[in-house]
Amino acid sequence: MALVVICGQPCSGKSTAASCLAEALQDLESKPAVRIVDETSFHLDRNQSYADMTAEKNLRGVLRSEVDRSLSKDTIIIVDSLNSIKGYRYELWCLARAAGIRNCVIYCDVEDTCCRRWNQERNEKGEPAYNDKIFEDLVRRFEKPDRRNRWDSPLFELLPARDGLNKDSTAIVDAVSYLTKKVDSKTRDVKVLQPTIATQSARFSEANSLYEMDRATQEVTAAIVKAQSLAMGGTVNGLSLGPELPTVNLSRSVGLPELRRLRRTFIKLTGQSSLSGPPPPLDADSAKRMFVDYLNRELGNC
């Protein structure tokens, strides 16, 4: 149904906002399916996760992969994390666009001094908190969302330090309305993202199509390498791969690295063309026929 990205400074009330939003959604008569994706779900320690750029990059990768697996037209996914890098929020927006669902951002707008005090209070209570060095680094690198960016829009802003935070907060109520509003031809204030060729996955008609193409092209490559070996490095002409299949006719000897590169290019091109054209071959013979034709075109007149 939708992807909700919660963002804000460390210790700004993001997890509370995520819980309030989930509770408000569950209070609806329709009771939509809701799932929160956060560091806690993977038992990740916040200090270890942000100890250095590599660890932080790995954390974002884990969360992004989980979001990608979880997105559907039947569930509202709430990403409860810092989400402080605008490029990362753009990546999440692209996932929502590829899934063809609506997307929004909820921003917990809290002053640094208040976040610092809340972090200290959590530390004194023995609750999960950031150490001072990591906290200051995260505050310094935070990139505030901007509603003028399509990946940060619509933007619902919360002010936890001033107004408190509960399921009846204005921004939470507005977000619930946006996420659950019926969409028809007259709807103008709700935008359902539409997938494009750039975000769609290759449209295979059968689950084993890619496997068959990979296996078939490997067999063709192996046959060419063997034929060249028997020919003592000579050219391969008239190599038959089976009845009703075209013969391989190459004008020069081709090394294994080049054959592998051509095979990867062929598979990529076939997958891309399937987005707007016919699906790739479903059987090994069809894949071999297409790959041999491709090799003959690329290498037959070199």
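The values are calculated or read from the model by the stated rules, or taken from the named source; none is laboratory data. Computed from a predicted model, the values in this text were never measured in an experiment. When we count neighbours, we look across all protein chains shown, and the Cβ atoms used for this are built from the backbone with ideal geometry, even at glycine. In case anyone asks, the SASA skips ligands and DNA or RNA and just uses the protein heavy atoms, side chains included. Shrake-Rupley method; radii C 1.70, N 1.55, O 1.52, S 1.80 Å.
A few points about this structure:
- Carbon/sulfur fraction of accessible area - the chain, other protein chains in place, 1.4 Å, %: 49
- About the centre of its Cα atoms, the range 1-160 shows a dipole size close to 560 debye [charges on the beta carbon of Lys, Arg (+1) and Asp, Glu (-1) only; nearest 20 debye].
- Relative to its residue count, the range 120-170 spans a Cα convex hull of 136 Å³ per residue.
- Overall, the anisotropy analysis places the range 208-267 in the oblate class: the square-rooted eigenvalues a ≥ b ≥ c of its C-alpha gyration tensor yield a/c not less than 1.5, with a/b not exceeding b/c.
- For Lys226, the lysines whose Cα comes closer than 26 Å to its Cα, not counting residues fewer than 8 places off in the same chain, are Lys268, Lys288.
- When the chain is treated as a Gaussian network with alpha carbon springs shorter than 10 Å, the biggest mean-square fluctuation among Glu157, Glu23, Glu121 belongs to Glu121.
- Degrees separating the helix 170-180 axis from the principal Cα axis of the chain, which is the longest one: 30
- Packing rank of 74-84, 173-183, where each peptide gets the mean count of other beta carbons within 10 Å, highest leading: 74-84, 173-183
- Estimated vicinal HN-Hα couplings, Hz - the range 241-250 in sequence order (Karplus 6.51, -1.76, 1.60; Gly, Pro = x): 9, x, x, 6, 10, x, 8, 8, 10, 10
- At 1.002 mPa s and 20 °C, Stokes diffusion of the chain via Kirkwood alpha-carbon radius, µm² per second: 94
- Where the chain is the region considered: accessible area per residue in Å², 1.4 Å probe: 54
- Dipole magnitude for the chain: computed about the Cα centre from +1 point charges on Lys and Arg Cβ and -1 point charges on Asp and Glu Cβ, it is near 940 debye.
- Using alpha-carbon coordinates, inclination of helix 53-70 to the longest axis of the chain, degrees: 80
- Positive-end extreme of charge dipole, the chain - chosen from Ile6, Ile106, Ala96 (charges on Cβ): Ala96
- Take the Kirkwood radius over Cα pairs of the range 4-142, plug it into Stokes-Einstein at 10 °C and 1.306 mPa s, and you get 101 µm²/s for translational diffusion.
- Under-5 Å amide H pairs with Leu193, H placed in peptide plane, nonlocal only: Ile101, Arg102, Asn103
- With contributions of -39500 (n - 2.57) from each DSSP H run of at least four residues, the per-residue ellipticity at 222 nm computed over the chain stands at -15500 deg cm²/dmol.
- GNM result for the chain, Cα springs below 10 Å: residue of Pro128, Pro160, Pro145 fluctuating most strongly: Pro128
- A cut-off of 5 Å between modelled amide H atoms, ignoring neighbours fewer than 5 places along the same chain, links Asn249 with Gly238.
- For the residues Ala17, Ala33, Ala99, a GNM of the chain with alpha-carbon springs under 10 Å puts the largest fluctuation on Ala33.
- Scattering curve values for the range 33-111, log₁₀ I(q)/I(0), Debye with Cα scatterers, q = 0.11, 0.22, 0.23, 0.25 Å⁻¹: -0.29, -1.12, -1.20, -1.36
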